[in-house]
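The values are calculated or read from the model by the stated rules, or taken from the named source; none is laboratory data. Values in this document were obtained by computation on a predicted structure and should not be read as measured data. Reconstructed Cβ throughout: ideal geometry from the backbone, glycine too, with neighbour counts over all protein chains shown. Only protein heavy atoms, including side chains, enter the accessible area calculation; ligands, DNA and RNA are left aside. Shrake-Rupley method; radii C 1.70, N 1.55, O 1.52, S 1.80 Å.
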Amino acid sequence: MLRLENIGITFHAGTPDENTALKNINLTINKGDFITVIGSNGAGKTTLYNLIAGTLSPTKGKIYLDDNGSEREITDDAEYKRASYIGRIFQNPLLGTAGKMSLEDNMVICSKKGWKGLKISLNKKLRDQFKDQLKVLNMGLEERLNDNVEQFSGGQRQALTLLMAVMSKPALLLLDEHTAALDPTNAALIMKLTRKFAEEYNLTVMMVTHNMQQALDYGNRLLMMDGGEIIYDVSGEEKQKLTLDDLAQKFREIKKSSMTNDQMVLQ
């Protein structure tokens, strides 16, 4: 579905501040994959997401999208172009909706995106459709179509953002720690909805999380990143057998193997 070939990103090349954020990334995301992505701060997770979304361009390498069986290069496609087929939900629940606009206006904008630019007239039929979609959230938002979204709680706004992302029918949905800013109850609800939508709509999903249990419990595939590289890629039955201890041990082994002799002596 999406293929990254020999991707590298270096910031401030040739200066004392040179920093290689991604190194030789080779990754194929298959249609229907639900990939959880873990790694310590600075591992390259956000840079990878920015690269896929088009916010950043690679220093080297190419990106390809399989569009209905025909692969095309999208390395130079701008972020606004990729937004038509790549959805992204951020940690901050305020970023995915327009707070000063009503709920129904937010959903109209989302529907225009999902329906490929067709003109949409807000009428009773469309409002009833919105209500049916909102009922799935089980938050009573179907009765608040005329309320501005800024009146909603963080959990309600993140649930709405998730619903609208699904409505727009993205080829790939990027979840960037989308429950980290929520209280445990709302975080659990958003994860439940994430699983429900992923399964019902056969979404292709990548989810960055610092919650190791989430990384194990969700999805069919897990990536571990460190130092700008994908250091572990596990899927299927092998992933299902993993435990928290397995992940911790894997990370320790990789860290140890990357240490210099001098570092080992100091340790």
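Which value in nm describes the separation of the simple spin-label points at S257 and N220, placed 7 Å from the Cα toward the beta carbon?
2.6 nm
Sequence neighbours fewer than 8 away in the same chain don't count; with that in mind, list the aspartates and glutamates whose C-alpha is under 15 Å from K62.
Straight-distance partners of K62: E5, E71, E73, D76, D77.
Do any trypsin sites (Lys or Arg not before Pro) in segment 1-93 lie in a DSSP loop with no more than 16 other beta carbon atoms within 10 Å, and if so, which?
Details: sites: R3, K23, K31, K45, K60, K62, R72, K81, R82, R88; in loops: K31.
Passing sites in segment 1-93 are K31.
What accessible area per residue comes out for segment 41-141, rounded to a whole number of Å², with a 1.4 Å probe?
Accessible area per residue, segment 41-141: 56 Å².
Among Q249, Q156, Q214, determine the one that fluctuates most according to a GNM of the chain built with springs between C-alpha atoms less than 10 Å apart.
Q249
Pick from K241, K169, K131: which is most flexible by mean-square fluctuation in a GNM of the chain where alpha carbon atoms under 10 Å apart are linked?
Among K241, K169, K131, the largest mean-square fluctuation in the Gaussian network model of the chain belongs to K241.
Roughly speaking, to the nearest percent, how much of the chain's 1.4 Å accessible area is carbon and sulfur?
About 47 percent, which is the carbon plus sulfur part of the accessible surface.
Can you compute the FRET efficiency between K131 and T55 using 1/(1 + (r/R0)^6), with r the Cβ-Cβ distance and R0 = 30 Å? Round to the nearest 0.05.
E between K131 and T55, to the nearest 0.05, is 0.30.
Between K81 and S235, what length in nm is gained on full extension when 0.36 nm per residue of separation is reduced by their alpha carbon distance? All intermediate terms of the calculation are to be shown ahead of the outcome.
On the way: separation 154, 0.36 × 154 = 55.44 nm, distance 3.04 nm.
Separation in residues times 0.36 nm, less the Cα-Cα distance, equals 52.4 nm.
How big is the antiparallel share of DSSP beta bridges in the chain, given as a percent to the nearest 5?
60 percent
Looking only at G96, G228, G14, which one moves most when the chain is put into a Gaussian network model with springs between Cα atoms under 10 Å?
Comparing G96, G228, G14 in a Gaussian network model of the chain, the most mobile one is G14.
If I take every Cα pair under 8 Å that is 6 or more residues apart in segment 1-159, average their sequence separation and divide by the length, what percent do I get for the relative contact order?
19 percent
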